[in-house]
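The values are calculated or read from the model by the stated rules, or taken from the named source; none is laboratory data. Predicted model, so just to flag it, every value in this text is computed and none were measured. In this analysis, Cβ positions are derived from the backbone assuming ideal geometry, glycine residues included, and neighbour counts consider all displayed protein chains.
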C-alpha cells in the first residue's frame with residue numbers, strides 16, 4: 001500500500017511561499033543585528049569596558065520587545081527567542097574580541113578576507 005503525500009491547495013502553497021519570504025527577511029535582519037552587535041562590542045572595548053554582558057541593557061531589550069509584541073506570538077515564546085538571540089550576540093562579541101586580541105598579539109597574521 002502506497003501512501004500519497006497530502007494534497008496542497010493553492011492557498012496553502014501561497015501561504016508557504018509568503019512564510020518563506022518572511023523567513024528570508026528575518027535571516028537578513030538577524031544578520032544585520034549580528035553585525036551591529038559586533039560593532040557595539042568593538043565600541044565598548046574602545047571605551048575600556050571589559051564586560052561583554054550588560055544585564056541592564058538586556059533587560060531593556062526584553063522589555064522593549066515585550067511592549068512591542070501585539071501577538072499572536074505568546075509573550076513567553078518571544079522572550080525565549082530573544083534570550084537566545086541575546087546569548088548568541090554575546091557569543092559573537094566574545095569571539096570577535098578573542099580574534100582581535102589574537103590578531104593584536106600576532107601582527108604577522110593575515111586579516112580575514114571579506
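The table below gives the values:
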| read-out | value |
| --- | --- |
| Candidates 27, 65, 61, filtered to the one that is surrounded by 10 or more Cβ atoms within 10 Å (Cβ to Cβ), out of contact with any strand residue (DSSP E or B) (no Cβ under 7 Å at 6 or more places or on another chain), without any contact (Cβ under 8 Å) to a residue 12 or more places away in the chain and outside any loop (DSSP other than H, G, I, E, B) | 27 |
| Test set (1) closer than 21 Å to residue 82 by Cβ; (2) part of a loop (DSSP other than H, G, I, E, B) - residue 4 fails condition number | (1) |
| Checklist (1) over 15 Å from residue 85 (Cβ atoms); (2) assigned to a helix (DSSP H, G or I) applied to residue 72, failing item | (2) |
| Any hit, region 31-52, residues being modelled with pLDDT under 95, touching a helix residue (DSSP H, G or I) at 6+ places or on another chain (Cβ under 7 Å), surrounded by 10 or more Cβ atoms within 10 Å (Cβ to Cβ) and not in a helix (DSSP H, G or I) | yes |
| Pairs, first surrounded by 10 or more Cβ atoms within 10 Å (Cβ to Cβ) in region 99-111, second assigned to a loop (DSSP other than H, G, I, E, B) and modelled with pLDDT under 85, C-beta under 7 Å, six or more apart | 103/109 |
